[in-house]
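Q: Following this message is one structure expressed as structure tokens.
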Amino acid sequence: MKLAEALEVATRTDPGRVRSHNEDAVFGSAEQGLVILADGMGGYNAGEVASGMATTLLASNFGRLLKQVGHCQPLAVDADTGKRVSHRHIEEEVASANSAIYNTAQSQPQYAGMGTTLVMAWFYENQVTVAHIGDSRLYRLRDGDFRVITRDHSLLQEQLDSGMITAEEARHSQNKNLVTRALGVDPVVEPEIHDYEVEPGDIYLLCSDGLNDMVDDEEIGLTVQTLAANLELAADQLIQMANDNGGRDNVSVILVKVRGDFAVPRGWWQKLLAWLK
Amino acid sequence: MAKLILSMEGLVLKEITLGKERVTIGRKPHNDIQIDNLAISGEHAAIVTILNDSFLEDLGSTNGTLVNGEPVTKHFLRNNDVIELGKYRLKYINDPAIAGDAPDFEKTMILRPGAVRPMEAPKDHSNTSLGMKAPASAAPVAGQAPAAPAAAIQLLNGANAGKELELTKTLTTLGKPGVQVAVIARRPHGYFITHVEGAQFPVLNGKVLDTQAHPLSDHDVIEIAGVKMEFFFKT
């Protein structure tokens, strides 16, 4: 199955109920198997500049990369680094977006200090490579099991990990807005990158903290599961729930439903079959 | 910034701003908050503040430290918590809504390395850059919005005619998966029905709905996949 048929993608972004600006940015393309979400930070409109630059740069650079058919084999292992080729591409593109945002922030005083979180998922050959920086998340629903896949780069997560604070206390923390990694705030940044097998029927949710700070994980999971048949409606419903609960932050969601297998045909026989289809 | 209001038997004695990372409380004069009373230990308790959160720690005091009536050794402080040391009370105030520095907060900033030194762990913070996004306030999530009044649907025909289904969940789906499904969303200001899947759309009071959400009124009649049902508010 081609990616465009195998994946269904719904994207939404909303300023919420309190903020006048939307500093979140989203990109989604089933055809390319690529989804990107960024939650910007920085005074005035600098946050939206940072998140906008991140999604636009990554989407266009990956778009170019993915067009080089045959040259881009994300699953292959890179001889130099011993890592998957997909990791090298993500590292390079994230580094280039990081430099672009950092340099803009350095050269233009009105953008000084801007930065953005990032979560992106790249689907290829029944695999997904997930990269993230900061506290924007990726969740997965598989066979009724809904769980967060990424681990926030935040002060709160570090406090949770070290046992300083319990999950219940964390819900009441006023340090929710502190991220320990961001794109564009330093000359270099290290994205966290992991690979996962994809199964038909999986639903992936990428979101900014405007969703998971306003709506419990359990409620988010139930909504995705209940409305799995209508992804657009599920995306609308998630935004609405964040806003109904106060909508104190910008809220963005990207839903990706895996309808079928999207392995690349390997042998001549499979290639012929694929071609005949 | 968070503060403490020190009082004894209802009489306010002092207001203390938690401006330092570590504020100590005790009977001896070197404490940041000195309470000269024999029920208070020399070094009784300490409050460690990390950015916008504060943690209370009893330093092995003789008479102990209570928070909201419960003895604690270490406690994550929440707005309006009452700390008791002997006859003295310290009320913890940390309300983002009334914080004087809120406008600055909204403007968002990046904190550079070394800006935060969390107590104990984690130690590897020195090389970490901290970015601050405009906070979305820290009030507890969920259950915040006023709930809509209780409502239910009753099936009017079919094998289960007369059966009642209470709409207690945020989302209740109706119909047959793969054939025709609609969902009723319970929102703070009422109930809404929306088409989810299937070629046929739900019928509301004899009218076929479109893809948009429609508010439900008392005694509305819904038809989904050939089954009629009545929506009503429970009183």
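The values are calculated or read from the model by the stated rules, or taken from the named source; none is laboratory data. Model, not experiment: these values are computed from the prediction. With ideal geometry, Cβ positions are generated from the backbone for all residues, glycine too; neighbour counts draw on all protein chains shown. Side chains are part of the model used for accessible areas, which takes the heavy atoms of the whole protein and leaves out ligands, DNA and RNA. Shrake-Rupley method; radii C 1.70, N 1.55, O 1.52, S 1.80 Å.
Q: For segment A:80-103, indicate whether the set of residues that are within 14 Å of chain B (Cβ to nearest Cβ) and polar (S, T, N, Q) is non-empty.
A: Taking every residue of segment A:80-103 in turn, at least one turns out to be within 14 Å of chain B (Cβ to nearest Cβ) and polar (S, T, N, Q).
Q: Suppose the filter is open to solvent by 60 Å² or more (accessible area, probe 1.4 Å) and within 14 Å of chain B (Cβ to nearest Cβ); does A:Q73 pass it?
A: Against the criterion (open to solvent by 60 Å² or more (accessible area, probe 1.4 Å) and within 14 Å of chain B (Cβ to nearest Cβ)), A:Q73 does not qualify.
Q: Something else: Just to verify a result, which residue in segment A:205-242, among those that are within 7 Å of another protein chain (Cβ to nearest Cβ) and of a type in the set (V, I, T), is farthest from B:P177 (Cα to Cα)?
A: A:V215
Q: Now a separate question. What is the number of the single condition among (1) open to solvent by 20 Å² or more (accessible area, probe 1.4 Å); (2) within 13 Å of chain A (Cβ to nearest Cβ); (3) in a loop (DSSP other than H, G, I, E, B); (4) at pLDDT 60 or above that B:N160 does not meet?
A: Every listed condition holds for B:N160 apart from (2).
Q: Related question: Tell me, yes or no, whether segment B:173-195 has at least one residue that is outside any strand (DSSP E or B), of a type outside the set (F, W, Y) and more than 12 Å from chain A (Cβ to nearest Cβ).
A: If we filter segment B:173-195 for residues that are outside any strand (DSSP E or B), which is where we start, we get B:177-179, B:188-189.
Add one more test, that the residue is of a type outside the set (F, W, Y), and what stays is B:177-179, B:188-189.
Those left that are additionally more than 12 Å from chain A (Cβ to nearest Cβ): none.
Among the residues of segment B:173-195, not one is outside any strand (DSSP E or B), of a type outside the set (F, W, Y) and more than 12 Å from chain A (Cβ to nearest Cβ), which makes the answer no.
Q: Also, quick follow-up: I'd like the full set of residues that are within 24 Å of A:P109 (Cβ to Cβ) and either away from every other protein chain (no Cβ under 11 Å) or open to solvent by 30 Å² or more (accessible area, probe 1.4 Å) (or both), limited to segment A:182-193.
A: A:D186, A:P187, A:V188, A:V189
Q: Kindly evaluate A:A4 against the criterion of being crowded, with 21+ Cβ neighbours inside 10 Å and touching a residue at least 24 places away in the same chain (Cβ under 8 Å).
A: So A:A4 fails the test.
Q: Quick check on my filter: what residues within segment A:169-181 are open to solvent by 50 Å² or more (accessible area, probe 1.4 Å) and either touching a residue at least 40 places away in the same chain (Cβ under 8 Å) or more than 20 Å from B:D95 (Cβ to Cβ) (or both)?
A: Listed by number, the list holds a single entry, A:R181.
Q: Applying the selection to segment A:7-21, what residues are under 29 Å from A:D202 (Cβ atoms) and either open to solvent by 40 Å² or more (accessible area, probe 1.4 Å) or assigned to a strand (DSSP E or B) (or both)?
A: Passing the criteria: A:L7, A:E8, A:V9, A:A10, A:T11, A:R12, A:T13, A:D14.
Q: Here are the criteria: (1) out of contact with any helix residue (DSSP H, G or I) (no Cβ under 9 Å at 6 or more places or on another chain); (2) at pLDDT below 95; (3) acidic (D, E). Tell me which single one A:D213 does not satisfy.
A: Evaluating A:D213 over (1) out of contact with any helix residue (DSSP H, G or I) (no Cβ under 9 Å at 6 or more places or on another chain); (2) at pLDDT below 95; (3) acidic (D, E) leaves (1) as the failure.
Q: Has segment A:38-59 got at least one residue that is in contact with a strand residue (DSSP E or B) (Cβ under 8 Å, 6 or more places away or on another chain), of a type in the set (A, V, I, L, M, F, W, C), within 21 Å of A:L255 (Cα to Cα) and part of a strand (DSSP E or B)?
A: Taking every residue of segment A:38-59 in turn, at least one turns out to be in contact with a strand residue (DSSP E or B) (Cβ under 8 Å, 6 or more places away or on another chain), of a type in the set (A, V, I, L, M, F, W, C), within 21 Å of A:L255 (Cα to Cα) and part of a strand (DSSP E or B).
Q: Can you name every residue in segment A:225-255 that is touching a Leu at 6+ places or on another chain (Cβ under 7 Å), closer than 15 Å to A:G16 by Cβ and not in a helix (DSSP H, G or I)?
A: Those that are touching a Leu at 6+ places or on another chain (Cβ under 7 Å), closer than 15 Å to A:G16 by Cβ and not in a helix (DSSP H, G or I): A:V251, A:S252, A:V253.
Q: Search segment A:143-156 for residues being under 18 Å from the mean Cα position of the chain (by Cα) and open to solvent by less than 50 Å² (accessible area, probe 1.4 Å), and hand back the single one that is farthest from the other protein chains (Cβ to nearest Cβ). Lay out the reasoning, then the answer.
A: Initially, segment A:143-156 is screened for residues under 18 Å from the mean Cα position of the chain (by Cα), giving A:146-154.
Still in the list and also open to solvent by less than 50 Å² (accessible area, probe 1.4 Å): A:146, A:149-150, A:152-154.
On the way: A:F146: 14, A:I149: 20, A:T150: 17, A:D152: 12, A:H153: 9, A:S154: 9 Å.
Ranking the candidates gives A:I149 first.
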